[in-house]
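A short write-up of the structure that comes next.
The values are calculated or read from the model by the stated rules, or taken from the named source; none is laboratory data. It should be emphasised that the depicted structure is a prediction, and the values quoted were computed from it without experimental measurement. Don't worry about glycine lacking a Cβ; one is built from the backbone with ideal geometry, like all the others, and counts go over all protein chains shown.
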Amino acid sequence: MLLPINTDAPIYYFPWMTISLIVANIAAFAAAVGASLNSYESGLPNPVLDWILVFGDGLHPMQWISSAFLHGDIFHLLGNMFFLWGFGLVVEGKLGWWKYLAIYLGIAAVSGLIEQVMMLGYTGSSPGALGASGVIFGLMAMSLLWAPKNDMTLFLLLLYQPYVFEASILAFCGCFLALQILLFALDGFSMGSALLYLIGAIVGGSVGLVMLKRNLVDCEGWDIFAVMNNTYGRSEFDEYRYRDAAFQAGKIATPTLEPETNRGERIIAGALDPRVRIRKFLDAGDSISALGEYEKLIAFHPMTRLDRDTLAGLAEGAFRDKSWDEAEPLMRQYLERFSEEDAGTALRIRLKLAKILIDQTKRPAEGLTLLREIDPALLPPKPAAAYQELRKRAQSAARSKVAKGK
């Protein structure tokens, strides 16, 4: 028994939908067992047979989806759920839950359609097919295309002895797909489990290929084509784009850094530590991409804290780019954590935060409160002038609000 249990592939979204799909499969299995027992006791037809992928009885669209949530026995279910977890991490981790769910159901529907069309003339004794294996092979093919050099942590039970080891997604998926092709050939190229798995792989692989070619998924230069061309990892900075409106409008320039390809620096998800990536973008003057990388980081690791210099650079970069909504919480975090460690930077950030509050978010009272924490006698001439001007504008705006009854 060989099961995937984890991966080091980039994960930017918590796998809520993968967990939900596993729960749904387990619930469907329990419901099917209950319905089958009731049918056996009552002598009535088993309703579960209406939800499997029936062969030789026309096309039934609902069965294309429902059959993917049914399993023949507990071992069939458990094996598929481990594989769903392993490859769901990779695919959902890159796409987020709703795109992942759409792809999951899409692979199930298209595969089910193809299989029922192929079996329209079937007159054999088998009632049909069931199981999530076809969809999982589709996710496996997508993972092979998107993250071939990343590793999958595997659990092997051999002669009652457990082993845990790692293998690249390329090697693991490649071996599994090659095995199915071999079994398909040994079966005389006839309809069977191997062909059903391969249909799922073809459907999922086609989706993965189209998304990759149209830049609908960010593989960070580690996709199958980069591996084939021996260019993997080289585009982490010189070809990376944070898909932000500011970039689309031509607001930022392309970073010109030499790529950092040392995979030993990984902390999260098999690619360069995102904190290092943030620092690289800031050094290149590309604060928009740095903010994008930071948002990805905290989406999956919300407790992550940047070091003092990186946090200051990110906050001030957001200010320069007029990303007020992003700059404010970063500046507040800096003042909370580092105001006593670097008084000069803290003073600069405090003035900029006051400017945001007074001029941009129209909260002059909060801006004045922030300015009261500054001793103007300690300011150099230029910051002192900025302080006095901000204070005047805040007082004027506050009086105006009071006069208007706000």
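For region 101-129, the set of residues classified as buried (at least 23 other Cβ atoms within 10 Å of the Cβ) and not β-branched (Val, Ile, Thr) consists of Tyr104, Ala108, Ser111, Gly112, Gln116, Ala129, listed by residue number.
For (1) outside the structural domain of Leu347 (by TED's automatic domain parsing); (2) in contact with a Phe, Trp or Tyr (Cβ under 8 Å, 6 or more places away or on another chain); (3) within 21 Å of Lys322 (Cα to Cα); (4) of a type in the set (Gly, Ala, Ser), each residue gets a yes or a no:
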position: Pro364; (1), (2), (3), (4): no, no, yes, no
position: Ile374; (1), (2), (3), (4): no, yes, no, no
position: Ala386; (1), (2), (3), (4): no, no, yes, yes
position: Ala398; (1), (2), (3), (4): no, no, no, yes
position: Ala403; (1), (2), (3), (4): no, no, no, yes
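Take the residues in region 304-352 that are in a loop (DSSP other than H, G, I, E, B) and among the small types (Gly, Ala, Ser); name whichever of them is modelled with the highest pLDDT. My answer is Ser323. Given the criteria among the basic types (Lys, Arg), in the same structural domain as Arg350 (by TED's automatic domain parsing), in contact with a Pro (Cβ under 9 Å, 6 or more places away or on another chain) and within 14 Å of Arg350 (Cα to Cα), does Arg391 qualify? Taking the combined requirement at face value, the residue satisfies it.
State all residues of region 215-238 that are of a type in the set (Phe, Trp, Tyr) and either surrounded by fewer than 21 Cβ atoms within 10 Å (Cβ to Cβ) or at pLDDT below 85 (or both); if no residue qualifies, say none. The answer is Phe225, Tyr232, Phe237. Scanning region 123-145 for residues that are closer than 25 Å to Val23 by Cβ and either in contact with a Cys (Cβ under 8 Å, 6 or more places away or on another chain) or outside any helix (DSSP H, G or I) (or both) yields Gly128, Ala129, Leu130, Gly131, Ala132, Met140, Ala141, Ser143.
Tell me, which residue of region 369-379 that is modelled with pLDDT of 85 or more and surrounded by fewer than 19 Cβ atoms within 10 Å (Cβ to Cβ) is nearest to Asp307 (Cα to Cα)? Only one residue tops the list, namely Glu373.
Total residues in region 29-65 satisfying the condition of being under 30 Å from Ile5 (Cβ atoms), out of contact with any Ser or Thr (no Cβ under 7 Å at 6 or more places or on another chain) and buried (at least 20 other Cβ atoms within 10 Å of the Cβ): the figure is 3.
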